[in-house]
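Chemist: Dropping a structure here in structure tokens format, bear with me for questions.
The values are calculated or read from the model by the stated rules, or taken from the named source; none is laboratory data. As the structure is a prediction and not an experimental result, all values here were calculated from the model. Using ideal geometry, Cβ is built from the backbone for each residue, glycine included, and neighbour counts are taken over all protein chains shown.
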Amino acid sequence: MDKARVVSLFIGVVRAKSFSQAAVDAGLTPQAVSKAVRQLEDHLGVRLFHRTTRSLSLTEEGARLFELANPGLRLLDEALDHIQNSRLEVDGLIRVVAPMSIGNAVIVPLLPEFQRRYPGAHFDLQLDDHFTDLVESKIDVGFRAGNPPERNLISRKLGEIVLVPCATPGYLALHGTPQTVLELQLHRCTGFRRPSTGRLMPWELQVDGATVYQEMPAVASFNTVEGELTAVLNGLGIGQLPVFMIEAELASGALVPLLRHTATSNSGVFMYYQQRTLMPLRVRHFIDFVAERAPLRLAGQQAALA
């Protein structure tokens with residue numbers, strides 16, 4: 001016996017003062033409601049109603065059960081109404097996960113504008129280069145670089161990632177400027193290791209109209225793009241970096257792009273989430289906002305490279 005169900009139907013009968021009306025309210029037949037109340041009486045071993053063909057009244061035990069159970073059901077109804085209405089509220093917490101590079105360069109700069117629109121929305125932002133399971137980690141919206149998630153998730157491409165070799169003017173003054181990919185291989189280069197596998201990623205280069213993946217000798221390898229960028233900015237060597245992270249450095253001359261014709265844009269920035277329906281309004285607004293604003297931040301990469 002489903003105790004919560006039969007008690008709820010019992011309270012419905014008391015409130016409606018009728019088995020028939022309680023059945024209509026519950027979307028059941030009067031026979032189903034009557035059967036449920038009889039099950040409850042059999043379980044408790046007492047009669048809850050005095051029934052005649054013309055009248056219906058509570059027994060002493062029925063009145064006591066109603067007195068004890070009705071406040072609890074009202075609280076449950078209020079809780080359900082509150083949760084249902086919360087879907088229509090913009091105020092509340094939005095949990096977001098993103099790689100550090102995308103989070104710092106693309107997502108975090110958008111948060112102030114979003115909160116100006118919706119001051120009651122606040123964020124729990126996790127910056128993690130590993131792929132995060134949204135369900136297990138209770139995340140509302142995730143971001144990743146590379147390829148779209150292969151799992152049962154909705155994903156939206158926000159823009160492309162342009163990769164280009166670059167170095168500081170100081171490094172180039174000491175070691176010279178490579179003019180070909182072969183010369184590039186003779187330089188001090190940095191490398192990036194995939195956080196998920198620990199493997200050193202080959203450089204992705206555009207050569208004669210085709211994408212090639214070139215193993216580069218790394219004087220130092222990093223598991224975060226931020227670490228690699230810091231090393232390149234300090235003159236350690238030449239690194240292949242995403243343009244969206246270094247637009248300011250390219251504009252100021254702190255970094256010099258090399259072999260621009262080898263720059264590639266085969267990978268992207270993706271936003272992913274679980275479903276389109278039954279989503280809190282604040283999360284829906286955030287998804288739409290990011291889909292509108294993030295591509296504008298990523299679209300300037302080719303201009304920055306030029």
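Chemist: Of a type in the set (Gly, Ala, Ser), in a strand (DSSP E or B) and within 28 Å of Leu93 (Cα to Cα), is that true of Gly268?
Modeler: So Gly268 passes the test.
Chemist: Exactly one condition in (1) at pLDDT below 90; (2) touching a strand residue (DSSP E or B) at 6+ places or on another chain (Cβ under 7 Å) is not met by Val106; state its number.
Modeler: Status for Val106: all satisfied but (1).
Chemist: Would it be correct to say that Val97 is more than 49 Å from the chain's Cα centre (by Cα), at pLDDT 80 or above and outside any helix (DSSP H, G or I)?
Modeler: no
Chemist: Does Val232 satisfy being under 21 Å from Gln302 (Cα atoms), among the β-branched types (Val, Ile, Thr) and at pLDDT 95 or above?
Modeler: Answer is yes for this residue.
Chemist: If the requirement is being free of Cβ contacts under 8 Å to residues at least 24 places away in the same chain and assigned to a helix (DSSP H, G or I), which of these qualifies: Leu68, Leu9, Leu40?
Modeler: Working: Leu9 fails: free of Cβ contacts under 8 Å to residues at least 24 places away in the same chain; Leu40 fails: free of Cβ contacts under 8 Å to residues at least 24 places away in the same chain.
Going through Leu68, Leu9, Leu40 in turn, the sole match is Leu68.
Chemist: Free of Cβ contacts under 8 Å to residues at least 40 places away in the same chain, of a type outside the set (A, V, I, L, M, F, W, C) and assigned to a loop (DSSP other than H, G, I, E, B): which single residue out of Gly227, Gly198, Gly235 fits that description? Before the answer, list the steps.
Modeler: Working: Gly227 fails: assigned to a loop (DSSP other than H, G, I, E, B); Gly235 fails: free of Cβ contacts under 8 Å to residues at least 40 places away in the same chain.
Testing whether each residue is free of Cβ contacts under 8 Å to residues at least 40 places away in the same chain, of a type outside the set (A, V, I, L, M, F, W, C) and assigned to a loop (DSSP other than H, G, I, E, B) leaves just Gly198.
Chemist: Could I ask something else about it? Among the residues of the stretch 109-142, what is the count of those that are farther than 20 Å from Val90 by Cβ and in a helix (DSSP H, G or I)?
Modeler: Number of matching residues: 5.
Chemist: Oh, and also: Looking only at the stretch 206-213, decide whether some residue is assigned to a strand (DSSP E or B), in the same structural domain as Val164 (by TED's automatic domain parsing), touching a Leu at 6+ places or on another chain (Cβ under 6 Å) and surrounded by 18 or more Cβ atoms within 10 Å (Cβ to Cβ).
Modeler: Here is the first cut: in the stretch 206-213, the residues assigned to a strand (DSSP E or B) are 206-207, 210-213.
Retained after the next criterion (residues that are in the same structural domain as Val164 (by TED's automatic domain parsing)): 206-207, 210-213.
Next, from what is left, pick out any that are touching a Leu at 6+ places or on another chain (Cβ under 6 Å): 212.
Add one more test, that the residue is surrounded by 18 or more Cβ atoms within 10 Å (Cβ to Cβ), and what stays is none.
Looking through the stretch 206-213, none of the residues is assigned to a strand (DSSP E or B), in the same structural domain as Val164 (by TED's automatic domain parsing), touching a Leu at 6+ places or on another chain (Cβ under 6 Å) and surrounded by 18 or more Cβ atoms within 10 Å (Cβ to Cβ).
Chemist: Tell me which residues, restricted to the stretch 117-146, are surrounded by 13 or more Cβ atoms within 10 Å (Cβ to Cβ), in contact with a strand residue (DSSP E or B) (Cβ under 8 Å, 6 or more places away or on another chain) and under 20 Å from His285 (Cα atoms).
Modeler: Result: Ala121, His122, Phe123, Leu125, Gln126, Leu134, Ile139, Asp140, Val141, Gly142, Phe143, Arg144.
Chemist: Restricting to the stretch 141-154, what's the tally of residues that are of a type in the set (Gly, Ala, Ser) and modelled with pLDDT of 90 or more? Explain how you work it out, then say what you get.
Modeler: First pass over the stretch 141-154, keeping only residues of a type in the set (Gly, Ala, Ser): 142, 145-146.
Going one step further and asking which of them are modelled with pLDDT of 90 or more, we end up with 142.
Adding up the residues that qualify gives 1.
Chemist: Determine which member of the set Glu249, Glu292 is within 19 Å of the chain's Cα centre (by Cα), assigned by TED's automatic domain parsing to the domain that holds Ile161 and charged (D, E, K, R).
Modeler: Values: Glu249 fails: within 19 Å of the chain's Cα centre (by Cα).
On inspection, the qualifying residue turns out to be Glu292.
Chemist: Among the residues of the stretch 164-172, is any more than 30 Å from Glu292 (Cβ to Cβ), surrounded by fewer than 16 Cβ atoms within 10 Å (Cβ to Cβ) and either modelled with pLDDT of 90 or more or not hydroxyl-bearing (Ser, Thr, Tyr) (or both)?
Modeler: Checked the stretch 164-172: at least one residue is more than 30 Å from Glu292 (Cβ to Cβ), surrounded by fewer than 16 Cβ atoms within 10 Å (Cβ to Cβ) and either modelled with pLDDT of 90 or more or not hydroxyl-bearing (Ser, Thr, Tyr) (or both).
Chemist: Just to be sure before I move on: is Leu250 in contact (Cβ under 8 Å) with a residue 24 or more places away in the chain and in contact with a Ser or Thr (Cβ under 7 Å, 6 or more places away or on another chain) in the structure I sent?
Modeler: Criteria not met by Leu250.
Chemist: Further question on the same structure: Scan the stretch 16-37 residue by residue and report those that are assigned to a helix (DSSP H, G or I) and hydrophobic (A, V, I, L, M, F, W, C).
Modeler: Ala16, Phe19, Ala22, Ala23, Val24, Ala26, Ala32, Val33, Ala36, Val37
Chemist: Something else about it: Looking at the stretch 181-195, is at least one residue over 13 Å from Glu228 (Cβ atoms), touching a residue at least 24 places away in the same chain (Cβ under 8 Å) and in a helix (DSSP H, G or I)?
Modeler: yes
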